[in-house]
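Down below is the structure, laid out as structure tokens.
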Amino acid sequence: MIAELESLIQSIDLPVDWIGLRSVKETTTTRTVRDGLPDSNGSTLSSGVMVEVLVKGQVGYAATNSLQADRVRAALWDAYYQALAASEWNLHPVLVTARPKVVGQYVSPLSIDFDALAPSELYATLTQICAKLRVSEQIVQTSAAAMTTETESWFVSSNGSQVYQRFFRVGTDYAATAQDGSCVQRRSDHGWFARCYQGGFEFFIEDNLWQRVQTIGEQAVELLSAEECPTETTTLVLAPDQMLLQIHESVGHPLELDRILGDERNYAGGSFVKPEDFGQLIYGSPLMNITFDPTIAGEYASYAFDDTGVPATREFLIRDGILQRGLGSLESQDRLGVPGVACARASTWNRPAIDRMANLNLEPGQTAFADMIASIERGVYMEANRSWSIDDQRHKFQFSCEYAKLIENGQFTKTLRNPNYRGVTPQFWNSLVQVGDRQSWQMYGTPSCGKGEPNQIISVGHGSPVAAFANVEVFGGGA
């Protein structure tokens, strides 16, 4: 494929400063079972080529779902005329240095191939999971799903780039809904499709699978008789599966440079962060260390190069609580004059790369989970996101979780249902008083981070230890 794309570039005579071709082939399979019965069984194949040209400081885009030479050449001419027309209203010239020459490849680590389980075996396991989730007559609905994605991408450019990347991604989701009269409670496997990883079925058939499934069913029933989360200002301890959402919404999206530039306004776009904040803003307490790290094996959004060919490296976005750099491509970095990372990503072959999160993690601290809980006189511990709301500047937020425990005199006492909390992003992160150690660090992900116009849904990974925040407003479902 690399040779074919290079031949296409060499065969066209366009008066441009740079040409890039990114070919993508992606196969996604989704199988779901509901209440022990097959609910969906689908497989999609998508392939095509995105072409980019740089003319008079303006990038032009076009795409085609055909690899035939005449179709790709036609797309290149379309991109050229678009770039030429748009160059008259260019906000900031893009230089060829924004598309450095790179050569390399990346392949996701894979232990158990997707073909290791026949569809019938996969369905049998999902059906068995539904049966195991039904621990009581009070369980009124069960569901189990598994999704696999294999993606190959080839990127070549007129300045000599040659990049091949192959990704294997797997995600699972199991849930049980319990009901007692008007009280309905749902418990899932760490949140909707939170268990998303790069790899194979080693992330599906795990040693603790059946224990996790049993616990989901039992906790759904347990919540029916649990007390409502109290309304008070207290110490809040968040499990890694809720830190996923906390990091994503109140750190990831506000630091996207295209939001700070004003380019992105969809999906609660915008940001309270200003260009002059980089290097100065006290985003959180000194315990807050957030890294952009696409190099972690098995984390959902790992890669070696972003979709413009920029090599991916681990970088601190926030170090000791101070904002260091944003989530922005070389174009956004140059336009805004702030440091960024290799995060120009496209959801598929017919979308241009834009500023996106990849793996965004809270680095572990020094406190063991048991010691953290033992040090808290009164507080609430919450797990797994249930819903979220945040304003269009990523400032004020209100998040709900599935399951909680009351902490009294250094130990868990009662189970709490309908736990919620609210805060303001900088104040909340400045109230970070304890960070769990490496033993409590867990990684999760989501297959559905949405952004852009037209919409782009992309995979994102988040790792975190448990974390404790002081003086946070918590409340129950009726508040």
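Limited to segment 450-464, what total is found for residues that are surrounded by 14 or more Cβ atoms within 10 Å (Cβ to Cβ) and either outside any strand (DSSP E or B) or of a type outside the set (V, I, T) (or both)?
Qualifying residue count, segment 450-464: 8.
If you take the residues in segment 10-25 that are out of contact with any Lys or Arg (no Cβ under 7 Å at 6 or more places or on another chain) and over 19 Å from S47 (Cβ atoms), which one is surrounded by the fewest Cβ atoms within 10 Å (Cβ to Cβ)?
Of everything passing the filter in segment 10-25, D13 is surrounded by the fewest Cβ atoms within 10 Å (Cβ to Cβ).
Every residue, every condition in (1) acidic (D, E); (2) touching a strand residue (DSSP E or B) at 6+ places or on another chain (Cβ under 8 Å); (3) in contact (Cβ under 8 Å) with a residue 24 or more places away in the chain; (4) more than 29 Å from S302 (Cα to Cα), yes or no:
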| site | (1), (2), (3), (4) |
| --- | --- |
| R99 | no, yes, yes, no |
| V102 | no, yes, yes, no |
| Q105 | no, yes, yes, no |
| L110 | no, yes, yes, no |
| D115 | yes, no, no, no |
| Q128 | no, no, no, yes |
| Q138 | no, yes, yes, yes |
| Q141 | no, yes, yes, yes |
| A145 | no, yes, yes, no |
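Looking for whichever is without any contact (Cβ under 8 Å) to a residue 24 or more places away in the chain and not basic (K, R) here; the options are S347, S387. Which one fits?
Answer to the selection: S387.
So in segment 395-412, with the set limited to residues that are in contact with a Gly (Cβ under 9 Å, 6 or more places away or on another chain) and of a type in the set (S, T, N, Q), which one is most open to solvent (accessible area, probe 1.4 Å)?
Q398
Condition check ((1) at pLDDT 95 or above; (2) in contact with a helix residue (DSSP H, G or I) (Cβ under 6 Å, 6 or more places away or on another chain); (3) surrounded by fewer than 23 Cβ atoms within 10 Å (Cβ to Cβ); (4) outside any loop (DSSP other than H, G, I, E, B)) across all residues:
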{"position": "Q393", "(1), (2), (3), (4)": "no, no, yes, no"}
{"position": "K414", "(1), (2), (3), (4)": "yes, no, yes, yes"}
{"position": "P426", "(1), (2), (3), (4)": "yes, no, yes, yes"}
{"position": "V433", "(1), (2), (3), (4)": "yes, no, yes, yes"}
{"position": "M443", "(1), (2), (3), (4)": "yes, no, yes, yes"}
{"position": "S448", "(1), (2), (3), (4)": "no, no, yes, yes"}
{"position": "F469", "(1), (2), (3), (4)": "yes, no, no, yes"}
{"position": "V472", "(1), (2), (3), (4)": "yes, no, yes, yes"}
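Could you figure out which of (1) open to solvent by 40 Å² or more (accessible area, probe 1.4 Å); (2) at pLDDT 95 or above; (3) in contact with a Leu (Cβ under 9 Å, 6 or more places away or on another chain) isn't true of Q105?
(3)
Give segment 179-207 a look and list any residue that's open to solvent by 20 Å² or more (accessible area, probe 1.4 Å) and farther than 25 Å from N359 by Cα, or say none.
Q179, D180, G181, S182, C183, V184, R186, D207
In segment 26-57, what count of residues is obtained for those that are touching an Asp or Glu at 6+ places or on another chain (Cβ under 7 Å) and either without any contact (Cβ under 8 Å) to a residue 60 or more places away in the chain or open to solvent by 80 Å² or more (accessible area, probe 1.4 Å) (or both)?
Summing the residues that are touching an Asp or Glu at 6+ places or on another chain (Cβ under 7 Å) and either without any contact (Cβ under 8 Å) to a residue 60 or more places away in the chain or open to solvent by 80 Å² or more (accessible area, probe 1.4 Å) (or both) in segment 26-57 gives 2.
List the strands (runs of 3 or more DSSP E) that sit entirely inside segment 1-95 and contain at least 1 residues that are more than 30 Å from L133 (Cβ to Cβ) and out of contact with any helix residue (DSSP H, G or I) (no Cβ under 8 Å at 6 or more places or on another chain).
Counting at least 1 such residues, we get 18-34, 37-55.
Among the numbered criteria (1) at pLDDT 95 or above; (2) within 20 Å of the chain's Cα centre (by Cα); (3) open to solvent by less than 40 Å² (accessible area, probe 1.4 Å), which one does R351 miss?
(3)
Go through (1) under 17 Å from P465 (Cβ atoms); (2) in a helix (DSSP H, G or I); (3) under 22 Å from the mean Cα position of the chain (by Cα) one by one and return the number of the condition D371 breaks.
(3)
The values are calculated or read from the model by the stated rules, or taken from the named source; none is laboratory data. The shown structure was predicted, so the numbers you read here are calculated from the model rather than taken from an experiment. Note that each Cβ is placed from the backbone with ideal geometry, even for glycine, and that neighbours are counted across all protein chains shown. Note: accessible area is taken over every heavy atom of the protein model, side chains too, but ligands, DNA and RNA are not part of it. Shrake-Rupley method; radii C 1.70, N 1.55, O 1.52, S 1.80 Å.
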